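Below is one structure, written out as structure tokens; comments come after it.
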Amino acid sequence: MRITTKSRAAVTALIDLALHSKEGGVVSLAEIAERRDISLSYLEQLFASLRKAEVVNSFRGPGGGYTLAKEADQISLRDIVIAIDYSNSKTTEANELWSSLETFMLEHMSSINLGMLVQQNLDKLNPLAIKPKKEKALSKAAIASEKKSIAAKRDAAPKKKFIANSVFSWALCSSNKAKTS
């Protein structure tokens, strides 16, 4: 079993649908196509399979679009992949190894739901959700030592000689030399 480009596009579109459908509101495929840069006709094909598998509901007419048929937490990655990749295909019996691997992958996909994927996307979009790394607390002695080190580097740096590059800076330079002499 392999996860196809169609399945990836379907998961991406469903994440977008879940993120943008507020309180049961419908989302048009044209909006999803524009936001996710996926062909509208391609999305129509995918959503026909998703509707048939009862993953999404469709509403026709002006203001129509799609909603999730269930809560995002109740739609597994397995449901999506099966709706897309197995909807029109006739599976052939594979040897025992491939069959067991496919079963394992499908079981694993059952443990991942759309709600989890939506939350991961929200965490990426919300910088406040990302917890900053804790900085190591420095002791007073370490801070004082660091300050001394910075001051020593600053004092050790060679002094730059001021070179006048205009009449005004030349006058300023000349007046400063007269004051110090």
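A few points about this structure:
- Checking region 61-69 against the condition returns a match, with at least one residue being on the phi < 0 side of the Ramachandran plot, surrounded by 13 or more Cβ atoms within 10 Å (Cβ to Cβ) and not hydroxyl-bearing (Ser, Thr, Tyr).
- Residue within region 94-109 that is on the phi < 0 side of the Ramachandran plot, of a type in the set (D, E, K, R) and surrounded by 13 or more Cβ atoms within 10 Å (Cβ to Cβ) present: yes
- Per-region count, region 19-36, residues within 15 Å of the chain's Cα centre (by Cα) and at pLDDT 90 or above: 2
- Some residue of region 73-80 being modelled with pLDDT of 90 or more and surrounded by fewer than 14 Cβ atoms within 10 Å (Cβ to Cβ): yes
- Flag not set for residue 43, criterion: free of Cβ contacts under 8 Å to residues at least 40 places away in the same chain, of a type in the set (A, V, I, L, M) and surrounded by fewer than 19 Cβ atoms within 10 Å (Cβ to Cβ).
- The sole residue among 51, 36, 8 that is out of contact with any helix residue (DSSP H, G or I) (no Cβ under 8 Å at 6 or more places or on another chain) and closer than 24 Å to residue 123 by Cα is 8.
The values are calculated or read from the model by the stated rules, or taken from the named source; none is laboratory data. Fair warning: this is a prediction, and the values are worked out from it, not measured in the lab. Reconstructed Cβ throughout: ideal geometry from the backbone, glycine too, with neighbour counts over all protein chains shown.
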